[in-house]
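Student: To start, I am sharing the structure in question, which I have written as structure tokens.
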Amino acid sequence: MRALVLLALLALPSAIAAAADAPSLQLPAFKLSDLQAPNDATLKSVGEATASLGMFAVTGFSDEAVAHSALSSLVSCAARSQVSLRQVRMDDGATRSTLATATTGSVPQPLPADAVRACPDFAVAANRLRAAVAATGDAYASILDKLMYGSNACAHAKDMTVSKPAGSKSLTNDRAVIRSVADGGAIADGAAGTNEEAQQPRCYSAAVRAAESLEHFHVFTPAPDKARAGAGPGNGGAGAATEHTLGLHSDIGMFLVMSPAELFNTASASASSASPSRGSGCSRKQQAPRRARDLLVQLPDGRLVRPLLPEGGAVLLVMNGEGLTRWMRPATTGLQPYSPMHEVLSTDMGGGVRAWFGRMFMPPPSARLQLTSSTSTAALNTAPKTAPASTDAVALSAEGESIAGAVEAAATQRSSSGVMMSFAEYRALTYELFNTGRGAAAPSLGCSPSRRRLVDEGSCGADQVFCWHSCMDITEALSCNKSEIICRDPNTDKQWPQDFPPLVANSTRPGHCKNCTLACPASPPPPSPASLVPPPSPSPSPSPSPSPAPRARPSPRKRPSPRPRPSPRPSPRPPSPRSRRPAPA
């Protein structure tokens, strides 16, 4: 009952509290070893936290500075400007610089090569942090199996997946099917594809092993005019609460495992990076941990709180996403996990930066949308009818609204037969809309319409272009029109998404392009003279003999016409002395 007791301590009005007045809430914490081998008491406590808070803290890591070492090394590495970081402007004008990677099918993908070469200390620390996050995610997935389906429901490998029956159909395999519904038609029973996925996960442990997880290291730099605003570094006073870096939203992944955000002094980071060293020598120059208190979380009753994590030692935070229940089969135990909305307030960084790491555990490609008829009706009725609040959001196109509505209508139509959209299909359509600047028209069935935030950041502003899961600013260096800008890896000249095949089997989601940036297409070479149609020109030679030839070519019939040429034969008159021969006597 620990979580319930903590909730009882929050004697606040039922109305949503203002962000500046949000009280603190000490989160329940569990040791990693207890999550990996839970007893009944641990299962009960985690279940309460999952249902009433949707989040909890994890402690007990062998490396007490596993998160801080990675973040500190990242900030020092970024200060040297020797690693490529994707940059996105946030709601409050702050700049978010990102180093991204992923874990595919339980196999961690390597960090970008330039980061490994330029920042070996960061590479080592980052891989340790990634391993700790992976262990935490695996442990939580195993606990979810027990909490949602019973202690023995997922004990054997054969129980973790279910094969699709022969002839089972896919909702959006054929894009023409979607468009036919958009035009008012219906999906026939045989219209969709068959046998798209061989197996669907029945347990969270299997889902984590089969899915792809997105991993992001972020460094936030405040806008120049706001670098000294607020009430102090990470204090979250009134000045810091008036704006947010990331607005209130929920995530579409199953769950998120993240490090606490930390604040760093860039002057110290630059000094420590001036003479980079390898191995443990670098750790002696790291700054002391200074956590940012800029995360706000909404409780089930609507109140906003600031989650507090245990002090001392390494701590990770686990937070449920909406994909936890939207893409996995319903619980058989009656547990209803809560997926909290959350936001990040603008923080006075004291002239420094804010660093963070998180891994989003996504549903596997074969996961099917869990949607009842009542849920689908509510989703369609509450779908946003207007563009996002952001004034620079790309306006919805009629085609985008039509396709998105068609998929939702088709999903509702299929719900009676039990065949729903797969996560791979959902992502394929979502990326299609995002990549054409229509992200806000993406189907909302995968996430509550009133709560959804486009984690792919497809709703780009007028001065931005969607490139590898983010909106990138159009800089003055780009001389081409916005419609011509491409997303390209400068090292390989490959374009995203067309040159990046999916990394997961049966997935239609494009692969990763960690170095992709905006570019103008290469200018075509100037046309060669031979490619131009030559205008009629006079013959280069003054001799009259070749000039008639071009006149004869258009019409072969006139070729015999040159026969009259012998008429000028008076020129052969010199041999005419023959005619001077004396006549016979």
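The values are calculated or read from the model by the stated rules, or taken from the named source; none is laboratory data. Keep in mind that what you see is a predicted model, and the values were worked out from it rather than measured. Note that we place each Cβ from the backbone using ideal geometry, even for glycine, and neighbour counts take in every protein chain shown.
Student: Out of LEU74, LEU43, LEU111, which single residue is in contact with a Leu (Cβ under 8 Å, 6 or more places away or on another chain) and either without any contact (Cβ under 8 Å) to a residue 40 or more places away in the chain or not assigned by TED's automatic domain parsing to the domain that holds HIS218 (or both)?
Tutor: Values: LEU74 fails: either without any contact (Cβ under 8 Å) to a residue 40 or more places away in the chain or not assigned by TED's automatic domain parsing to the domain that holds HIS218 (or both); LEU43 fails: either without any contact (Cβ under 8 Å) to a residue 40 or more places away in the chain or not assigned by TED's automatic domain parsing to the domain that holds HIS218 (or both).
Residue meeting the stated conditions: LEU111.
Student: Report yes if some residue within region 354-377 is within 27 Å of the chain's Cα centre (by Cα), surrounded by fewer than 24 Cβ atoms within 10 Å (Cβ to Cβ) and modelled with pLDDT under 50; otherwise report no.
Tutor: There is at least one residue in region 354-377 that is within 27 Å of the chain's Cα centre (by Cα), surrounded by fewer than 24 Cβ atoms within 10 Å (Cβ to Cβ) and modelled with pLDDT under 50.
Student: Quick one: which helices (runs of 4 or more DSSP H) sit completely within region 192-279 and have at least 1 residues that are β-branched (Val, Ile, Thr), touching a strand residue (DSSP E or B) at 6+ places or on another chain (Cβ under 7 Å) and modelled with pLDDT of 50 or more? Before the answer, list the steps.
Tutor: Details: elements: 204-210, 238-241, 266-274.
Once the helices (runs of 4 or more DSSP H) in region 192-279 are filtered for at least 1 residues that are β-branched (Val, Ile, Thr), touching a strand residue (DSSP E or B) at 6+ places or on another chain (Cβ under 7 Å) and modelled with pLDDT of 50 or more, what remains is 204-210, 266-274.
Student: SER106 is checked against (1) at pLDDT 90 or above; (2) within 30 Å of SER45 (Cα to Cα) and fails just one. What number does that condition carry?
Tutor: (1)
Student: Cβ-Cβ below 7 Å, separation at least six or inter-chain, first residue in region 513-529 and outside the structural domain of CYS467 (by TED's automatic domain parsing) and polar (S, T, N, Q), second surrounded by fewer than 18 Cβ atoms within 10 Å (Cβ to Cβ) and at pLDDT 80 or above: which pairs?
Tutor: Sorted first by the residue in region 513-529, then by its partner, the pairs are ASN515/PRO490; ASN515/ASN491; THR517/PRO490.
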